[in-house]
């Protein structure tokens, strides 16, 4: 296949490139630093700085994962604008370019997040459920999905991947947590009852590949393991994985004071389950959190 990726130099994008290069696909990554794409994604991957470079290249699929990290810093006005432009504006530009192509890809797989639902509390959230709250993260995900869905008018199958917290060996949110937990300074955040929908990176890559190849798959999919964990239980499991107690909680008031509205991502959560993926036959390799963390620790 000929595949174009946005966000190809990110955690998920690099892993996808590694898998698909090994399978013999031809890959292009749209990036502001196109010259550095081969060193991040592999020598066989071509970086492009403008979509027009592919005007005459037949494409089978587009994978749209671009977006500035949402939890790296507080949501100041300038940060909100960056988060919006890096997702919605970029996706709008991508769909506009696709509309002008004579040859169009058969599928657009576009990123989203379980934050689309807002803070779901104790509700079990499936893809057919409506958003529970309408905070900034939910608004961002909703607009991102709406921008991608415009490609359906072009006859392109659109898949929306609502990803949970990705567990990976290198990068991702574990990279920020592990130093504290290895020192025995980890613990629950807030009251610890909030749900954390997690997924092992290998399963994230596997399900995107699965959805790419299923001609009848379209619309939203919750990309998270079948068994979400409460924050306190997640902290205990991470402590076990590094052989340290996880008994030093971070009070919610401290998070709110330091992070402002961003703290809602940590103190809230989603009890999201991957109903559609399981119904359509995808099988997760990592269902239990302890097994996922053990795999990451050993390799």
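The number of residues in the stretch 257-279 that are farther than 13 Å from residue 189 by Cα and not in a helix (DSSP H, G or I) comes to 5.
Residue 254 fulfils the conditions (1) in a loop (DSSP other than H, G, I, E, B); (2) more than 20 Å from residue 284 (Cα to Cα); (3) more than 17 Å from the chain's Cα centre (by Cα) except for a single criterion, (1).
Taking the condition free of Cβ contacts under 8 Å to residues at least 24 places away in the same chain and over 21 Å from residue 124 (Cβ atoms), does residue 283 pass? No: the conditions fail for residue 283.
Which of the residues belonging to the stretch 1-30 are crowded, with 19+ Cβ neighbours inside 10 Å, outside any helix (DSSP H, G or I) and in contact with a strand residue (DSSP E or B) (Cβ under 6 Å, 6 or more places away or on another chain)? Scanning the stretch 1-30 gives 3, 4, 5, 6, 8, 27, 28, 29, 30. Residues that are touching a helix residue (DSSP H, G or I) at 6+ places or on another chain (Cβ under 7 Å) and outside any loop (DSSP other than H, G, I, E, B) were ranked within the stretch 179-194; the one that is nearest to residue 222 (Cα to Cα) is 189. Taken together, 108, 167 contain a single residue that is farther than 27 Å from residue 89 by Cβ, at pLDDT 95 or above, surrounded by 19 or more Cβ atoms within 10 Å (Cβ to Cβ) and touching a strand residue (DSSP E or B) at 6+ places or on another chain (Cβ under 9 Å), which is 167.
The values are calculated or read from the model by the stated rules, or taken from the named source; none is laboratory data. It should be emphasised that the depicted structure is a prediction, and the values quoted were computed from it without experimental measurement. In this analysis, Cβ positions are derived from the backbone assuming ideal geometry, glycine residues included, and neighbour counts consider all displayed protein chains.
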